[in-house]
Amino acid sequence: MNKQAPVIGSKNVTGESYNGTAAKVYFTKKIDAEHLTKLYKKINENIYGKVAIKLHTGEKHGPNILPRDMVQAFQAQISNSAIVECNTLYKGDRYDTKGHRETLKVNGWTFCDVDIMDENEKTVALPVRNGFHLKEVDMGAHLVNYDSLIVLTHFKGHAMGGFGGSMKNIAIGCASGHLGKAQVHGVDPNNVPENYLVWPMKEYFMELMADSAKATCDYFGKHIVFINIMRRLSVDCDCAGVIAAEPTMADIGICASTDILAVDQASVDLVYAASDSKDLKERIESRVGLRQLSAMAEKKMGNPQYELINVD
């Protein structure tokens, strides 16, 4: 059993001291279907009924997306499940449903149902309780058709967020392709600047993401779990497709938890503890990405104090 990585730690990131309980984060260095399923079984007590698996399926031919064979073997273990996605705000391969469907085929996501939740522009507004900026977020309408949600995340860098973990996966990924994602990015849905570099960034963007993720977490309650797969750790998101930067650090492993803050905190700590993480750390800090963690702590979305439990 490993202790929390001392490089960042909850105290340094949030500026607060926590006493009492710690969240459980299960960890393995082995990235394969067997160990992914092993970790999932540690946290799946409250997953039931119709199950959504929120996965970033990536732009066409993306070199860093999660291995299809691994995801296929994992999904096969979960009855009544489907991969879920939404269309994008930027005009890429997944901007509309037609293009998105073609991209899914190209990338090999054909082994199970993939529910594009905002297909035909259908959306649902979920409330944000005690958020930073938003009162509600427009989500893909089909999200509310599911009883449980598995957030299966390729943990990596991100051009705007610094890093993309579980919080980013649902904050942006469950928001509807146009209105919802415009809300989360703080831009006018009727006049979205084509150059994302002029969109709001840094603390404000992290807080908007926290609002959106909180809406989804509050909706599912105890029936949501989080798995971060730390492989192909590019500084870029899978949104970048074939132009994503080649990773400059080694794979780390998989973290799994019922706590969204703990799983992202642990993943960031593991990155900072790695001797070859200079580029990813620079990406995180240049975007003020650690604000993702402190924002979730402020809104009591999870526990930044965690126990990292190695299952190897």
Kindly indicate whether residue 227 is in contact with a strand residue (DSSP E or B) (Cβ under 6 Å, 6 or more places away or on another chain), β-branched (Val, Ile, Thr) and modelled with pLDDT of 95 or more. yes
Apart from one, (1) farther than 21 Å from residue 210 by Cβ; (2) modelled with pLDDT under 95; (3) not hydroxyl-bearing (Ser, Thr, Tyr) all hold for residue 89; the odd one out is (1)
Is at least one residue of segment 220-229 buried (at least 24 other Cβ atoms within 10 Å of the Cβ), over 13 Å from the mean Cα position of the chain (by Cα), over 25 Å from residue 124 (Cβ atoms) and not acidic (Asp, Glu)? no
Taking segment 133-164 and keeping only residues that are part of a loop (DSSP other than H, G, I, E, B), in contact with a Leu (Cβ under 7 Å, 6 or more places away or on another chain) and not aliphatic (A, V, I, L, M), one is left with 133
Mind listing just one residue for me: the one in segment 126-149 that is among the polar types (S, T, N, Q) and either over 19 Å from the mean Cα position of the chain (by Cα) or surrounded by fewer than 21 Cβ atoms within 10 Å (Cβ to Cβ) (or both) and, of those, nearest to residue 101 (Cα to Cα)? 145
Counting residues that are under 30 Å from residue 41 (Cα atoms) and touching a His at 6+ places or on another chain (Cβ under 8 Å), which strands (runs of 3 or more DSSP E) fully inside segment 69-131 reach at least 2? 81-85, 114-116
Would you pick out the residues in segment 137-150 that are closer than 20 Å to residue 257 by Cβ and in contact with a Cys (Cβ under 9 Å, 6 or more places away or on another chain)? 149
For segment 297-312 the number of residues that are of a type in the set (S, T, N, Q), part of a loop (DSSP other than H, G, I, E, B) and either under 14 Å from residue 165 (Cβ atoms) or out of contact with any Asp or Glu (no Cβ under 9 Å at 6 or more places or on another chain) (or both) is 1
Please verify whether segment 28-45 includes one or more residues that are over 22 Å from residue 253 (Cβ atoms) and surrounded by fewer than 23 Cβ atoms within 10 Å (Cβ to Cβ). yes
Filter segment 234-245 down to residues that are of a type outside the set (Asp, Glu) and within 14 Å of the chain's Cα centre (by Cα) and give me whichever is surrounded by the most Cβ atoms within 10 Å (Cβ to Cβ). 237
Being in contact (Cβ under 8 Å) with a residue 40 or more places away in the chain, touching a strand residue (DSSP E or B) at 6+ places or on another chain (Cβ under 8 Å), in a strand (DSSP E or B) and under 21 Å from residue 91 (Cα atoms), is that true of even one residue in segment 169-187? yes
Every residue in segment 246-296 that is among the aliphatic types (A, V, I, L, M), touching a residue at least 60 places away in the same chain (Cβ under 8 Å), surrounded by fewer than 21 Cβ atoms within 10 Å (Cβ to Cβ) and part of a loop (DSSP other than H, G, I, E, B), please. 288, 290
Out of all the residues in segment 36-54, which are out of contact with any Leu (no Cβ under 9 Å at 6 or more places or on another chain) and among the basic types (Lys, Arg)? 38, 41, 42, 50
Which numbered condition residue 123 fails, given (1) over 17 Å from residue 52 (Cα atoms); (2) surrounded by 18 or more Cβ atoms within 10 Å (Cβ to Cβ); (3) not aromatic (Phe, Trp, Tyr): (1)
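The values are calculated or read from the model by the stated rules, or taken from the named source; none is laboratory data. Not measured: the values here are computed from a predicted model. Cβ coordinates were reconstructed from backbone atoms using ideal geometry, including for glycine residues, and neighbour counts include every protein chain displayed.
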